[in-house]
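Notes to accompany the following structure.
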Amino acid sequence: MNGLNKGIRKVEMSLKWDPSPAGEPPTDLDIVAGTYLADDPRGEPAYVVHFDSRSPDGTITLNRDSTDGKGFGWDEVMTIELDRLDARYARVVVGVVIQQRPAERTFVSVIKPAFRIREGYTVLTEDDFGGVLGATAATVAEFVRDPADGWSLHDGVQGYEDDPATFTRIMGRLRRS
């Protein structure tokens, strides 16, 4: 990496949605991030960070977690410190999972879902999941390390129809165009 181009250094992934109507089970969305080793960038994730885990080195942290969308503003927030991530990691894939208990749901049944990824005050990407309404999970961004230029963002929402455990295992496979 040269001194003039540092690439993306530290990002914040924010997720929001409105609560379920009165009398209906709560809707629970979760941010997940998978890290991938340079020698197997499309294989199994080295580790996955979500509501019930953390990164071993503290570079990926879930700062806010909601189980029902009743927060003000952004319901879930995850910080990813790419500039501190060990050199053996070449990719970080970020996604969103809809928990399937107590009711099965896809994005079409989530009220006003949206995400935003920003670095500092600069919004890098944002979306409302309108292109993946039949999905139960989606990848929303891929950060890729280039030894010369640092980290770059490859954005785009890609839907999946898998349970949360399967999704976290396959979310880093080759993205469809």
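The values are calculated or read from the model by the stated rules, or taken from the named source; none is laboratory data. Bear in mind that the values here come from a model prediction, so they are computed numbers and not experimental data. Cβ placement follows ideal geometry from the backbone for every residue including glycine, while neighbour counts extend to all protein chains displayed. To get the accessible areas, we keep the full protein, side chains included, count just its heavy atoms, and leave off ligands, DNA and RNA. Shrake-Rupley method; radii C 1.70, N 1.55, O 1.52, S 1.80 Å.
The figures follow:
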quantity: Of all accessible heavy-atom area on the stretch 31-72, the percent that carbon and sulfur account for (1.4 Å); calculated: 50
quantity: For the stretch 51-177, size of Cβ-based charge dipole, Lys and Arg +1, Asp and Glu -1, in debye; calculated: 160
quantity: Among 106, 71, 95 - extreme Cα towards positive end, dipole of the stretch 52-177, charges at beta-carbon; calculated: 106
quantity: Computed magnitude of the charge dipole of the stretch 111-177 (debye, nearest 20; Cβ of K, R +1, Cβ of D, E -1); calculated: 80
quantity: The stretch 135-177-the stretch 27-93 distance, computed between alpha-carbon centres (Å); calculated: 12
quantity: Positive-end residue of 51, 38, 14, charge dipole of the stretch 1-51 with Cβ unit charges; calculated: 38
quantity: Interchain or long-range residues, amide H under 5 Å from residue 32's placed H; calculated: 95, 96, 97
quantity: Contact order relative to length of the chain, as percent, for alpha carbon pairs under 8 angstrom and 6 or more apart; calculated: 29
